[in-house]
1. Of the numbered conditions (1) closer than 21 Å to residue 154 by Cβ; (2) not assigned by TED's automatic domain parsing to the domain that holds residue 119, residue 24 fails exactly one; give the number of that condition.
2. Evaluate segment 100-109: report whether one residue or more is in contact (Cβ under 8 Å) with a residue 40 or more places away in the chain, assigned by TED's automatic domain parsing to the domain that holds residue 132, in contact with a helix residue (DSSP H, G or I) (Cβ under 8 Å, 6 or more places away or on another chain) and surrounded by 21 or more Cβ atoms within 10 Å (Cβ to Cβ).
3. Going by the conditions given, is residue 102 at pLDDT 95 or above and either over 25 Å from residue 126 (Cβ atoms) or under 12 Å from the mean Cα position of the chain (by Cα) (or both)?
4. Here is a check on your reading of the model: is residue 169 surrounded by fewer than 18 Cβ atoms within 10 Å (Cβ to Cβ) and free of Cβ contacts under 8 Å to residues at least 12 places away in the same chain?
5. Take segment 18-58 and flag every residue that is in contact (Cβ under 8 Å) with a residue 40 or more places away in the chain and under 19 Å from residue 90 (Cα atoms).
6. So which residues in segment 1-42 are within 19 Å of the chain's Cα centre (by Cα), part of a loop (DSSP other than H, G, I, E, B) and surrounded by 12 or more Cβ atoms within 10 Å (Cβ to Cβ)?
């Protein structure tokens, strides 16, 4: 049961309205999470800026795979529904690839290294080993790419924590709950 009400369009703070309207136009509807997040213009607009910047990092399949892996570790069922939907429809990942990403892996060796590294970052709270860094570098990731992976983990964790705290009503197709795959 949701622990905060998503405001109606008339109730959205003016400083969040243009950002929320942009998402609504691009997605075709207003997701419950975004409407609720828009209650804080500072947090919402900061997240939207980070999301926009990180949409240029790596490639869409790797970004969505990292989002799935991080959301699985953080037990965020709302984000798993969103990332499963976008991974299938935007990144064109198969159902098997989505399950594999949730488990912290990928069929593509380079993407697998990124997803494994991201999972290590979230599981260890950033205390990765030298071997973890070496594996990412050996897969062809630059220092800039590794920083981007860490930033993606942080961004996805922010929405995971937000959604876990407020338990929004799901507005994307249901998936198996976190930890059940």
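The values are calculated or read from the model by the stated rules, or taken from the named source; none is laboratory data. The structure displayed is predicted, hence computed values, not measured ones. Because the Cβ atoms are built from the backbone with ideal geometry, glycine has one as well, and the counts that use them run over all protein chains shown.
1. So the condition that residue 24 fails would be (1).
2. Yes.
3. Numbers: at pLDDT 95 or above: yes; either over 25 Å from residue 126 (Cβ atoms) or under 12 Å from the mean Cα position of the chain (by Cα) (or both): yes.
Here the answer is yes, as residue 102 does meet what is asked.
4. The answer is no for residue 169.
5. Within segment 18-58, 29, 31, 51, 54, 57, 58 qualify.
6. Within segment 1-42, 30, 31, 38 qualify.
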